[in-house]
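No lab work stands behind these numbers, since they all come straight from the coordinates. Computed from a prediction, not measured in an experiment: that's the story for all the values here. Neighbour counts run over all protein chains shown; Cβ positions are idealised from the backbone, glycine included.
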Amino acid sequence: MRKHKGRIMCLVLLVLLLFTLPGCSGKEDKTKQGLTEKIISEDIQPGNLFVIKTEKGYYYYKYAQEVPAFCYVDVATGKEIYLCNKPECKHDGNSFCIASNKRYKIDQFCLYSGRIFATAVEETDTQYLWKLLAIALDGSEMSEIATYMTMDKSAEEKGGQMPMLYGGWLPIHRNKVFISVKANDKWDLDDTAQYGTAILDLDTRKVSYLDEEPLSRNNVPVSGIRAYGDYIYYCRREGRKTVLHQYCVQDGTEESCKLQPGFLGVYLILDEDNIMYKRSEANTLYLYHPSTGGTEEAKKLPDVTLQFSDGYSLPTSFDIAALMTDGTYIYAIQQSVDILETDKESSEENLQSVSKERNIYVMDRDLKEVVMVNVGPLFPEGLDDSMLYSSRLGNWSFLGEEIYALLYENTEAGQTSMIYKCNRSDLLEGKPEFKFIYSKQ
């Protein structure tokens, strides 16, 4: 009898051991494991905006599909792969899939400290929970770093409020995470929007907010977030003005920069004492020096001559829509201009776009001209390239010797993002060739 009892106990222990081993079915929740080592403090990666690029491939999140998921394109094979290394996983949204876990609705994301960080919303029976996740680059682990905001579902019953996903780039600088938060009614009407900005310290996991209320209709959303040295910079509308602020990551103090009137949110941090910005004058750049509070005119960009098919030409100012840098060169992106003419062969007055002015003006750090290139005609017809030439960050990514451009293709199935790449050396020679890399719906 004792022998039988001993065998039964051995079998029980063996079964328990099997179900606790890594990789066994269903019992392992990787969201609770791993990635607990110290997060190394780094500077922001300004080039890695919409293209998260490493030696292995290009990482991104596929929103518009039945089961949204993190994926990457392997550089060696060009194959798209789900970011999950669980054997035989169907990536169908199950709770143990790193790539497609339906437990979370993914929002912003970025590459930082050797892993992917992403904001996400988890819905429970009573609350919405805004969380920051960390994901291993090989898809082996995912963990919750912190919950930085909550919303009681009773608010949804009263006013229909629910979390809205921004999507796109997540700014992290020296272990401070700047997170833009939005809640709206189910119809996503602008006059029902609530905004908030959370600041999460990755060392202490403590959360603070830019405003007195974490989420409110009275809060003003931030835009144009950049970082350099001990400061994170961002823009806010204050009445009729756009004001540039700087937040110190060391002590949490915040102050506004005294820029000249006419600042519209287009700016670039060159270093801690040189902030380049555009005023309402279309083609003039200014430099602001925080140490003295002074501003000086820095550069007038040349006029652009628009050419029409009948030989008529029209000089126009280089209207600066965005300023970017790759650390070596400065790129001024021109506001897009379509030259439209009447189709003379048609009896109807149809306007035909005969050319696209999409100029990039490149300067060195001394603001000397390197090249000016019209890249508009270089992209295929039928693609929506308007967002390339706006003040919104993230439509251009500068990663060393590579430049990436994000365009859109509108189809019946939805909007598809089209990624193109050129070599920086070719652009600097005035002969860029943009090649298609991959698309994501």
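Can you list the aspartates and glutamates whose alpha carbon is less than 14 Å from that of residue 182, not counting same-chain residues fewer than 8 positions off?
The reachable aspartates and glutamates, counting only those whose Cα sits under 14 Å from residue 182, are 107, 156, 190, 191, 211, 213.
Just need log10 I(q)/I(0) for the stretch 202-337 at q = 0.09, 0.12, 0.17, 0.21 Å⁻¹, Debye formula, equal scatterers on the alpha-carbon atoms, no solvent, rounded to two decimals.
-0.35, -0.57, -0.99, -1.33
Which distance in nm do the two modelled labels at residue 213 and residue 374 give, with both placed 7 Å along the Cα-to-Cβ direction?
5.0
Quick one: Karplus J couplings for the stretch 380-389, per residue in order, coefficients 6.51, -1.76, 1.60, θ = phi - 60°, nearest Hz, x for Gly and Pro?
Residue by residue, the stretch 380-389 yields x, 5, x, 8, 7, 10, 4, 6, 5, 10 Hz.
Sort 272-284, 169-181 by packing, meaning the average of other beta carbons within 10 Å per residue, with the highest value first.
Taking the mean over residues of other Cβ atoms within 10 Å, the ranking is 169-181, 272-284.
Assuming a strict under-17 Å limit between Cα atoms, what lysine pair count do you get for the stretch 187-310 once near-sequence pairs (fewer than 8 apart, same chain) are dropped?
Counting lysine pairs in the stretch 187-310 gives 5.
Residues in the stretch 267-295 near a label at residue 317, defined as backbone nitrogen under 12 Å from the 7 Å Cα→Cβ point?
Only 278-285 pass the distance filter.
Longer than 27 Å from Cα to Cα, which of 53/176; 53/435; 86/153 are they? Say none if no pair is.
86/153
If you count, for each residue, the other Cβ atoms within 10 Å and average over each peptide, how do 202-208, 54-60 line up from highest to lowest?
54-60, 202-208
Which order do the peptides 420-427, 363-370 come out in when sorted by mean C-beta neighbours inside 10 angstrom, highest first?
420-427, 363-370
For the stretch 355-375, list residues with backbone N below 14 Å from a point placed 7 Å from the Cα of residue 426 toward its Cβ?
Flagged as within label range: 375.
Round to the nearest 0.05 the FRET efficiency obtained for residue 88 and residue 66 when R0 = 25 Å and r is the Cβ-Cβ distance.
My answer for the efficiency is 0.80.
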